[in-house]
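Report on the following structure.
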Amino acid sequence: MMKPSGSTEAVRIEDLDDAGVVEHARQRNPAAFWLIIKRHNQRLHRVARAVLNDDTEAEDVLQETYIHAFTHLAEFRAEARLSTWLTRIALNEALGRRRKRRPTVDAKAIEGMVAPCSAHKPDPEEAAALAEIRGLLERAVGDLPEPFRIVFVMRDVEEMSIEETAFLLALRPQTVSTRLYRARRLLREALRDKLATVFTDTFLFAGARCDRLAQSVLDRLAIRLVRKDTQNAATERT
């Protein structure tokens with residue numbers, strides 16, 4: 001929130017809402033451009049990635065989106081959400097690129113789709129299992145039919161509302177709900193058997209974890225056996 005005009009305290013640009021940051025961007029403040037990018041990069045990348053199924057092209061879309069947005073800030077109206085305006089630009093750019101090429105399926109990272117299963121840093125075995133699960137999810141999402149994939153990423157990954165998703169894709173809310181339902185069903189069907197196999201190898205108590213436990217047990221056992229031998233020897237002497 002901006003400080004009252006009579007305040008002598010400087011206002012940090014990071015504390016401004018989107019409308020305030022846009023005003024600074026209109027004045028060519030580099031910090032405002034940087035902050036807009038930082039705030040909206042993740043969403044725009046995921047949306048572009050859902051359309052194009054390619055990380056490199058999605059990154060190109062982001063660059064074009066920001067260039068277009070920053071050179072057309074006069075067209076932004078504060079009554080609209082900046083995220084919605086930027087997402088519309090990114091969607092148009094991504095859809096335009098898709099029309100110029102044949103669709104491809106290239107499973108890359110969709111950041112954040114699989115959260116760590118615990119707060120601790122996973123050991124190598126856990127990390128390998130998580131990586132395998134993440135890869136399965138990425139490929140399954142990438143293999144969804146495009147209309148379902150885009151809706152799934154916007155609704156379940158980016159957590160956009162039905163209304164915003166419908167507005168951005170020019171669909172009826174009911175259509176968004178139907179496509180999301182079908183996307184989730186297709187994912188469940190695609191992952192059911194594969195995940196069942198992966199989970200049998202998930203969080204195994206093996207490898208480094210098993211070695212650490214075994215060594216700890218042996219160390220404690222050695223100490224206890226020495227004590228027992230000492231006690232037995234003392235008993236025999238008495």
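The values are calculated or read from the model by the stated rules, or taken from the named source; none is laboratory data. The structure displayed is predicted, hence computed values, not measured ones. Methodologically, a virtual Cβ is constructed for each residue, glycine included, from the backbone with ideal geometry; neighbour enumeration extends over all protein chains shown. What goes into the accessible areas is simple: the full protein's heavy atoms, side chains included, and nothing from ligands, DNA or RNA. Shrake-Rupley method; radii C 1.70, N 1.55, O 1.52, S 1.80 Å.
A few points about this structure:
- Number of positions in the stretch 30-57 that are in contact with a helix residue (DSSP H, G or I) (Cβ under 6 Å, 6 or more places away or on another chain) and outside any helix (DSSP H, G or I): 1
- Ser7 among the polar types (S, T, N, Q) and at pLDDT 90 or above: no
- Check on Ala78, open to solvent by 60 Å² or more (accessible area, probe 1.4 Å) and either modelled with pLDDT under 90 or in contact with a Cys (Cβ under 9 Å, 6 or more places away or on another chain) (or both): yes
- Residue selected from the stretch 124-156 under the condition modelled with pLDDT of 85 or more and charged (D, E, K, R), by the criterion nearest to the chain's Cα centre (by Cα): Asp156
- Pairs linking a residue in the stretch 42-56 that is more than 11 Å from Met154 (Cα to Cα) to a residue that is of a type in the set (Ser, Thr, Tyr) and open to solvent by 10 Å² or more (accessible area, probe 1.4 Å), with Cβ atoms under 7 Å and 6 or more positions apart or on different chains, are Asn53/Thr104; Asp54/Thr104.
- So Asn92, is it of a type in the set (S, T, N, Q), surrounded by 11 or more Cβ atoms within 10 Å (Cβ to Cβ) and at pLDDT below 90: no
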